[in-house]
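Quick notes on the structure that follows.
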Amino acid sequence: MYKRQFLRRTTLNLIGRLPSKGAVNDFLSDEDPNKRSLLVDRLLDSDEFAQYSTLQLSKLLRIRPRGRDVKAATTYHKWLADQVRQGDSYRELARELILASGNSREIGPANFILTTTGPREQAEFMSELFMGSRIRCANCHNHPLDRWTQDDYHGLAAIFARIKRGTVVGENPRGKVIHPVTLEPATQRLPGERFLDSSADGREQLADWLTDPANPYFAKAIVNRLWKQMMGRGLVEPVDDFRDTNPATHPELLDKLAEDFISSGYNLRHTLRVIAASDAYARSAYATKQNKDDDRFYSHAIRRPLEAEVLADAISDVLGIADRYGDTIEGTRAIALVDPTSPSRTLDVLGRCGRENSCEDSSPAVGGLSQKLHMFNGPLLNARLGPEGSRLRHLLDAGTEPAQIIEEFYFVALGRHPSAPELDHWIGRMERADDTQAFFEDWVWGLLTSRDFVTNH
């Protein structure tokens, strides 16, 4: 049982999809004592990992069309996907984003400066993204719970004020923001460090300071997010709120992960591999009476809802009928969508993030009443349970034995066989039903709304 848990959890965490029947059979029959590490290596080297990792970073970078400019967003997304496939270092990725100039429809990273509406908002976004710090709290007054001052906030904004915003991104030497205390143009400043010469290229110095191995924020911010991706909770929560008054649950572990990440050349795959190999990651999600209330010390795996895109794809895979997203090519997976606003009632109901702001806090819709009612009664499931081409219809038309139908759906949905009591229970219920197809449509619906299916554990 536990081997299947590890396989399902790891596959969902690293490639955002359910393990295939073949993958389950191969993993369970493999007698190699190192099969878990080999599984992780295969997943990290796969095209599916590159696609799913691109989705994760797209959310982090808030890649979405500005107005109707889908071309720029597509160029940005393609550039990001290329970086992930090539395994380029996160350090170099950050530098390219901060320093990029040019036509945003042709040069992907030039869109970074256009993520927000102005230099102050860009300073807030940059600090949360690359430093894990909410410097925005120092806009109107010095941060009450952290080291950041108004000089830090407006000095960082002054760096971004000197960038021309528009389809073509470039220098804007006369750009400025006004410091609310002095009522004078703010001086460019590296937050918490030093003011910059007024004639200096602030972006260049910001990129150098931020990505220096001695920087106390950069590596910790991203390894904390990777830990959350794999474990369900950051060592620091929220992940964009590092401060002395919000310490990590395991500060030495966070330091070790950051040091190892830097030593690896800022390699995201390396840190994901390290986390997946840990004893903490390998623990069962089934809590005991003693540790059931533990939500931060990893005495058991944390069960969490599947992301909207992952859940939508999982439903399609189990039912055997793909969903359709706007005018995309038929068969396009939700995790591959470039535009997070592509028309989709399914993704709206499942609580997708539109990326206007951070996607790192669960949307109120995820797991909410709207989702539950739609899963119970809406077309998300009902319209695809038994029509021509569906998995269930194919099995019924082929005269498949009821026990085999139950085995099939348990295997593709949960990655396991039903237990003997489960199988006996469902066969008994089926035999008492008046309509076999109606029974199985209801049964599949129940399976896909179960806690074991809609969560990663």
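Brief remarks on what is shown
- Only protein atoms count toward the accessible area here, which uses a 1.4 Å probe; on region 234-379, the carbon and sulfur part of that area reaches 53 percent.
- For region 32-176: span of alpha carbons on each principal axis (Å, largest first): 60, 39, 24
- Distant-in-sequence amide H partners of Arg66 (H built 1.01 Å from N, under 5 Å): Ala73
- Long-range amide H partners of Val169 with built H, under 5 Å: Gly102, Asn103, Ser104
- Lacking any other cysteine beta-carbon closer than 4.7 Å, the following Cys residues of the chain have no compatible partner: Cys137, Cys140.
- Here region 95-229 is described by how far its Cα atoms reach on the three principal axes: 42, 39, 24 Å, from widest to narrowest.
- Under the shape rule built on the C-alpha gyration tensor, where the axes satisfy a ≥ b ≥ c, region 1-107 is prolate, since a/c reaches at least 1.5 and a/b is greater than b/c.
- For the chain, the Cβ-based charge dipole about the Cα centre amounts to some 720 debye (Lys, Arg positive; Asp, Glu negative; other atoms uncharged).
- The residue list Gln56, Gly102, Tyr90 was ranked by how far each Cα lies along the charge dipole of region 25-113 toward its positive end, using unit charges on Cβ atoms, and Gly102 comes out on top.
- Here the alpha carbons of region 262-398 define both size measures, Rg and Dmax, at 18.7, 57 Å.
- Fully extended contour minus Cα-Cα distance, from Arg243 to Lys21, at 0.36 nm per residue: 75.4 nm
- Of all accessible heavy-atom area on region 96-186, the percent that carbon and sulfur account for (1.4 Å): 50
- Sum of -39500 (n - 2.57) over DSSP H runs of 4+, divided by residues of the chain (222 nm, nearest 500): -15000 deg cm²/dmol
- Unit charges at the beta carbon, dipole of the chain: most positive-side option, Phe242, Thr167, Ala285: Thr167
- Using θ = phi - 60° in the Karplus curve 6.51 cos²θ - 1.76 cosθ + 1.60, the 3J(HN,Hα) couplings for region 327-343 round to 9, 6, 4, 4, x, 4, 7, 4, 6, 9, 5, 7, 9, x, 9, 3, x Hz; x is entered for Gly and Pro.
- Considering all different alpha carbon pairs of region 265-318, the Kirkwood hydrodynamic radius works out to 13.6 Å.
- Cut-off under 5 Å, modelled amide H: who pairs with Ser284 long-range: Ala301
- Each Cα pair of region 207-325 feeds into the Kirkwood radius, which the Stokes-Einstein equation turns, at 4 °C and 1.567 mPa s, into a diffusion coefficient of 80 µm²/s.
- Straight-line cross-link reach from Lys71 at under 29 Å between alpha-carbon atoms covers these lysines, not counting any fewer than eight positions away in the same chain: Lys59, Lys164.
- Heavy atoms of the protein chains alone define the surface here; on that basis region 304-457 has 47 Å² accessible area per residue at 1.4 Å probe size.
- log10 of Debye I(q)/I(0), alpha-carbon scatterers only, for the chain at 0.09, 0.11, 0.12, 0.13 Å⁻¹: -0.65, -0.93, -1.08, -1.23
- Accessible surface, region 1-156, averaged per residue in Å² (probe 1.4 Å): 41
The values are calculated or read from the model by the stated rules, or taken from the named source; none is laboratory data. As the structure is a prediction and not an experimental result, all values here were calculated from the model. In this analysis, Cβ positions are derived from the backbone assuming ideal geometry, glycine residues included, and neighbour counts consider all displayed protein chains. Side chains are part of the model used for accessible areas, which takes the heavy atoms of the whole protein and leaves out ligands, DNA and RNA. Shrake-Rupley method; radii C 1.70, N 1.55, O 1.52, S 1.80 Å.
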